[in-house]
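Student: One structure is given below, represented as structure tokens, and several questions about it will come after.
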Amino acid sequence: MTDLERTGNITLDEQPDMLACIDIRKAFGGVPVLKGVGLHLVPGTVTALAGENGAGKSTLMKIASGQMKADAGRVLVRGEELTAGSARDAHQRGIAIVPQELASILDTTVYENIFVGRELRNRFGLVDRRRMAREARQMLAEFGVDIDPGARMGSLPVGLRQIVEIVKATSTGARVLLLDEPTSAIAEREVARLIESMRMLRDRGVAILFTTHKMEEIRAIADRVVVLRDGGLVADAPLSELSDDDIVTAMIGRELEDLFPDLPPASDDIALSVRGLEYTPAPQPVDLQVRRGEIVGLAGLVGAGRTELIEALFGVRSATAGEIAVGGARVRRGRPADAITAGMALVPEDRKGAGAVLSMDILANATLPRMNQFSVAGWLKGRSRVDAVSEVMSSVRLRSRGLGQLMETLSGGNQQKVVLARWLTGEVKVLLLDEPTRGVDIGARSEIYRIITDLAASGMAVVMASSDMPEILALSHRALVLKDGGVVAELDRTALQQPDVQDRIFRLASGLDISDAPSAKDDQ
């Protein structure tokens, strides 16, 4: 029995300032989501809550913060029972949650967001905006953030909005902070700032619980790791006692022997040819060739232009000059429909915003890019559409209750499988992937890597933009390093396997080591 499973026997007098969840049970529609889970948070510690999508992490957080009522079990705050399903009671007892989908009011100012519901007033009873802005600036400065408190919240990048939400939560005296996937949609430099903020709060005695799919983030900040699998507790131990393999095995219920599959050999035939492509923000025309069965990775820092290059190739970003050819046939620039007809497919970075319609079911989402193929005189085909979609979803091992299941009820990994597999109902010669595993747990990530390499083995050319360096190094036959919208280096497979390659890519991407960058011609 683990420490966490013994939570019900903890003497709370020995841990006077803590949150304890005891034997928490919750089901939706008769399907158990939490099966008697326990959790305890101690002041001045950071606990990582790990598990695959659908393991019950967010549900546990919502119950601990009073946003949801458990079917059974208790939540104790400093030894006193929390009113079940009462967010107000949780707030008053010092529990704050920053959800994955931020609750910021985007059309109001930063200081108005921080003080919402507890506005400061002057002696005449009027809202004292000047004082609120001044105090908000001081609060933000404590977190190392120098932004205008009067700036509109919607103008800030997601990472800064995340920090503002944490400032708002802790400024009310929160002693327990719950962060649900705080890094899933923010850039690497913002992750570093977030981790520094978490360290500062830990040093002040705040108990922090956060969820993440990234092992490096767990290593960077966590003191303890709690793992859920299929709604049950499977591990709870100090981080120092767990290896990465221990955590992964606990999450997925099996050993992950090879996260990255072997790369298939590429053909000599050119699948994608790009000459003199000019688009914003590329400082000079881009030339690119990708062979059949080849995976070309796009590496670079945030803002380097990886997404912009992929968008220009597919036609969703306007290009002012240049030629694009797929299988030797020219494709008109700036016309996604022509790109699709030529055999190009795009899996965008923003899965929820641009990749899928979450309120629609799997079948409808899978039909979207091939409407002409699955319709006659404006009427959707029935059986043939279902058969085609069923076949491709089976090929990617989609886990669902059927094609009628709503996309919003799928895990992140399964949503990504739908967004990718729906293209496979037609011929794809060139697959464009933008951050293919963002927000995807490690078990589903391994499956997506298998899908990508299988597609390459079938002869598909793949262009993959990723901020995950191990992903670039392990999955790419070649990698292009981008900086300020332009390609500054090309590294072949041999270069990608060198021990110092990560440092070299960083230096190239930051402009520190351009002089010895190999040219595309050198690596051909």
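Student: So if I check each of T108, T45, which one is touching a residue at least 12 places away in the same chain (Cβ under 8 Å), out of contact with any Asp or Glu (no Cβ under 9 Å at 6 or more places or on another chain) and either surrounded by fewer than 22 Cβ atoms within 10 Å (Cβ to Cβ) or more than 27 Å from D244 (Cβ to Cβ) (or both)?
Tutor: T108
Student: Tell me whether the stretch 394-405 contains one or more residues that are out of contact with any Ser or Thr (no Cβ under 8 Å at 6 or more places or on another chain) and over 21 Å from K352 (Cα atoms).
Tutor: To start, the set of residues in the stretch 394-405 that are out of contact with any Ser or Thr (no Cβ under 8 Å at 6 or more places or on another chain) comprises 394-398, 400-402, 404-405.
Next cut, over 21 Å from K352 (Cα atoms) only: 394-395.
Yes, the stretch 394-405 has at least one match.
Student: What do you reckon, is G297 under 29 Å from the mean Cα position of the chain (by Cα) and of a type in the set (G, A, S)?
Tutor: Numbers: under 29 Å from the mean Cα position of the chain (by Cα): yes; of a type in the set (G, A, S): yes.
Taking the combined requirement at face value, the residue satisfies it.
Student: Here is a follow-up. Can you list residue pairs whose Cβ atoms sit under 7 Å apart, with the first residue in the stretch 278-298 being in contact (Cβ under 8 Å) with a residue 12 or more places away in the chain and in a strand (DSSP E or B) and the second being among the basic types (K, R) and open to solvent by 10 Å² or more (accessible area, probe 1.4 Å)? Count only pairs 6 or more apart in sequence or on different chains.
Tutor: Here the result reads Y279/R317; D287/R275; V296/R478; L298/R306, each pair linking the stretch 278-298 to a residue that is among the basic types (K, R) and open to solvent by 10 Å² or more (accessible area, probe 1.4 Å).
Student: Can you list residue pairs whose Cβ atoms sit under 6 Å apart, with the first residue in the stretch 140-164 being at negative phi and open to solvent by 20 Å² or more (accessible area, probe 1.4 Å) and the second being at pLDDT 80 or above and in a loop (DSSP other than H, G, I, E, B)? Count only pairs 6 or more apart in sequence or on different chains.
Tutor: Correct list of pairs: G154/L106; R161/S104.
Student: Sticking with this one: Of the residues D236, D269, D262, only one is within 26 Å of the chain's Cα centre (by Cα) and either surrounded by fewer than 17 Cβ atoms within 10 Å (Cβ to Cβ) or within 30 Å of G328 (Cα to Cα) (or both); which?
Tutor: Values: D236 fails: either surrounded by fewer than 17 Cβ atoms within 10 Å (Cβ to Cβ) or within 30 Å of G328 (Cα to Cα) (or both); D269 fails: within 26 Å of the chain's Cα centre (by Cα).
None of the other options fit; the residue is D262.
Student: Counting only residues that are farther than 20 Å from A222 by Cβ and touching a residue at least 12 places away in the same chain (Cβ under 8 Å), how many does the stretch 16-42 have?
Tutor: Residues of the stretch 16-42 that are farther than 20 Å from A222 by Cβ, as a first pass: 16, 22-36.
Filter once more, so that each one left must be touching a residue at least 12 places away in the same chain (Cβ under 8 Å): 16, 22-27, 32-36.
Matching residues across the stretch 16-42 total 12.
Student: Which of the strands (runs of 3 or more DSSP E) contained wholly in the stretch 439-495 include at least 1 residues that are more than 19 Å from L398 (Cβ to Cβ) and open to solvent by 10 Å² or more (accessible area, probe 1.4 Å)? Even if it seems obvious, please write down each step before you answer.
Tutor: Working: elements: 461-465, 478-483, 486-491.
Correct list: 478-483, 486-491.
Student: With A339, A388, A356 as the choices, which residue is buried (at least 16 other Cβ atoms within 10 Å of the Cβ), in contact (Cβ under 8 Å) with a residue 60 or more places away in the chain and not β-branched (V, I, T)?
Tutor: On the way: A339 fails: in contact (Cβ under 8 Å) with a residue 60 or more places away in the chain; A388 fails: in contact (Cβ under 8 Å) with a residue 60 or more places away in the chain.
Exactly one of A339, A388, A356 is buried (at least 16 other Cβ atoms within 10 Å of the Cβ), in contact (Cβ under 8 Å) with a residue 60 or more places away in the chain and not β-branched (V, I, T), namely A356.
Student: Give the residue that is modelled with the lowest pLDDT, with candidates limited to residues of the stretch 137-157 that are of a type outside the set (S, T, Y), under 23 Å from the mean Cα position of the chain (by Cα) and not in a loop (DSSP other than H, G, I, E, B).
Tutor: That would be G154.
Student: Search the stretch 423-438 for residues being at pLDDT below 95 and either out of contact with any strand residue (DSSP E or B) (no Cβ under 9 Å at 6 or more places or on another chain) or closer than 21 Å to F260 by Cα (or both), and hand back the single one that is surrounded by the most Cβ atoms within 10 Å (Cβ to Cβ).
Tutor: Across the stretch 423-438, the extreme among qualifying residues is P436.
Student: Name the one entry in A90, A70, A133 that is outside any loop (DSSP other than H, G, I, E, B), touching a helix residue (DSSP H, G or I) at 6+ places or on another chain (Cβ under 6 Å) and either of a type in the set (A, V, I, L, M) or open to solvent by 20 Å² or more (accessible area, probe 1.4 Å) (or both).
Tutor: Working: A90 fails: touching a helix residue (DSSP H, G or I) at 6+ places or on another chain (Cβ under 6 Å); A70 fails: outside any loop (DSSP other than H, G, I, E, B).
The unique qualifying residue is A133.
Student: Which numbered condition in (1) open to solvent by 40 Å² or more (accessible area, probe 1.4 Å); (2) more than 25 Å from the chain's Cα centre (by Cα) is the only one that A282 fails?
Tutor: (1)
The values are calculated or read from the model by the stated rules, or taken from the named source; none is laboratory data. Nothing here was measured: the structure is a model prediction, and the numbers come from that model. So basically every Cβ, Gly included, is an ideal-geometry build from the backbone, and we count neighbours across all protein chains shown. Protein only, heavy atoms only, side chains kept; ligands, DNA and RNA dropped before computing areas. Shrake-Rupley method; radii C 1.70, N 1.55, O 1.52, S 1.80 Å.
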